[in-house]
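Okay, structure first, notes after.
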Amino acid sequence: MAELRASAARLLVVDDNKVNRLLLSRNVELQGYHAASAENGRVALEMLRREAFDLILLDIEMPEMDGFQVLEHMLADRQLRDVPVIVTSSLEGLENVVRCIELGAEDYLSKPINPVLLKARIGASIEKKRLRDQLRDMVRRFATSEVAQDLQQSGFALGGKRVHASVMFSDIRGFTALVESQPPEETIELLNTYYTLMFDAISSHGGVVNQMIGDGLMALFGAPLSLDDCAGSAVAAAREMIELVEQFNLGRVAARKAPIRIGIGIATGDVVAGYTGTQQRATYTCIGDTVNLAARLEAHTKSAQRAILIDAATRHGLGAGVQLIALGDVQFKGMAVAEQVYAVAQDSA
Amino acid sequence: MTDVVIDLTVFKELQDTAGEDFIKELVDTFLAEAPQMLNALRDAAAAGDADKFRRAAHSLKSNSHTFGAMTLGAMARELEHEGLDPARQADAGASNALDALTQEYSRVAARLAGLCNG
């Protein structure tokens, strides 16, 4: 497998000097990799934007565009930022090495290059890239693509920023009774189907599910990536969730199983969103009165006997197309002032 | 500084790792490219083009070291680091340095050709 992987790796040798270019390409090919070459930085960038490479061997001193400039361009380009670069240069001076590393170079080898050292560094870089790609796939799977994208763009840092967003809470009514009435395997299967449907509805409207607890979930619209119409998107997602559950219930009733019902609460306002936890384990979440209100609204769906409840700020963000029923002021526990609550009318209701 | 034109340990190691046939081709490439670097050095010195001068010296240094031409490499390195001093450009020193470099290159070229065909 290692041989297969090695032979599949494609390297780009960038050097203005023909002797260096030929010798480096030769060394790389003798190690079982494919080598392509470019005679200056400008040509190299053109090739990098056209085809995929696993690793770049980059000279610094070159006409037209030097290695430092190539590194700067790559750092600014999200597509190219993760391609590992080993600088191969006969430029002397520690400050040049430091500058390359600061610009994202993986390693710095002085010319003339020792082939054994080159082999070890190429192997390590390619392996590191493979692990990084694997890690990125994992992050995608567990953290939603929006959080993964945010992590990739701005890096990981604990702490939050203030953003305008809509927060949604949703859970299954009478879930405890349901769990007790059926084997645990069936509950897991039910939850998996339910979550798949809810994730689809939420992400197709630009939302991000950031927490799942039992049968409940919390979703954000407008964070970590900003959304033009967060209130409208959240309400549209909520209506789609209700519709999907109704369709899901048709199948359950046909299989002589009890239909499920869900309640959804949505509140809009400023929240502090960011990564909380420790350096080892953290989660993307948001905090603020808006979050509390959304949770209270979701809980209130039970006594109000409505599927979707929203606050006044969410209502302000909605267009004329959504039918609302004003339920008046409700004084929630732990809230300083009474909140105006609106129910979203269902088309089918 | 050593008087040896080509450090044979470096050259043999190069042949061993890259293959004799390939090194023969690589020497041919160097012999075709190096005169252009020497010309570039003279042109740059005449035109007062410090960037071009430094780059040509840098290239020549790099290739000399690759083949084990340590003396030529050291001379090129000196030019790279001293750079082109406009005040010194007209004086005979710069021109002498380039003449010495060209002479050393002739020795290197002859020796490399001999090693590849020997």
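Below are the figures for this structure:
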item	result
Separation of alpha-carbon centers, the stretch A:164-181 and the stretch A:44-101, rounded to whole Å	51 Å
Length-normalised contact order of chain B in % [C-alpha pairs under 8 Å, at least 6 apart]	35 percent
DSSP beta bridges in the protein assembly as shown [antiparallel fraction, %, rounded to 5]	65 percent
Sites matching GluC sites (Glu not before Pro) across the stretch A:6-56 that sit in DSSP coil, with at most 16 neighbouring C-beta atoms within 10 Å	A:Glu51
Considering only the stretch A:156-344, percent of DSSP beta bridges that pair antiparallel, nearest 5	90 percent
Within a Gaussian network of chain A (alpha carbon springs, distance under 10 Å), most fluctuating of A:Ile242, A:Ile56, A:Ile113	A:Ile113
For chain A, the longest site-free run once trypsin sites (Lys or Arg not before Pro) in DSSP loop states with at most 11 other Cβ atoms within 10 Å are removed	A:79-255
Lysine pairs in the protein assembly as shown with Cα atoms under 22 Å, if 8 or more residues apart or on separate chains	20
Cα→Cβ-extended label distance, 7 Å offset, between A:Leu225 and A:Asp200, nm	2.1 nm
At most 16 other Cβ within 10 Å, DSSP loop - chymotrypsin sites (Phe, Trp or Tyr not before Pro), the stretch A:167-269	none
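Just so you know, all these numbers are worked out from the coordinates, no wet-lab data involved. Just so you know, these numbers come straight off a predicted model, no measurement behind them. In this analysis, Cβ positions are derived from the backbone assuming ideal geometry, glycine residues included, and neighbour counts consider all displayed protein chains.
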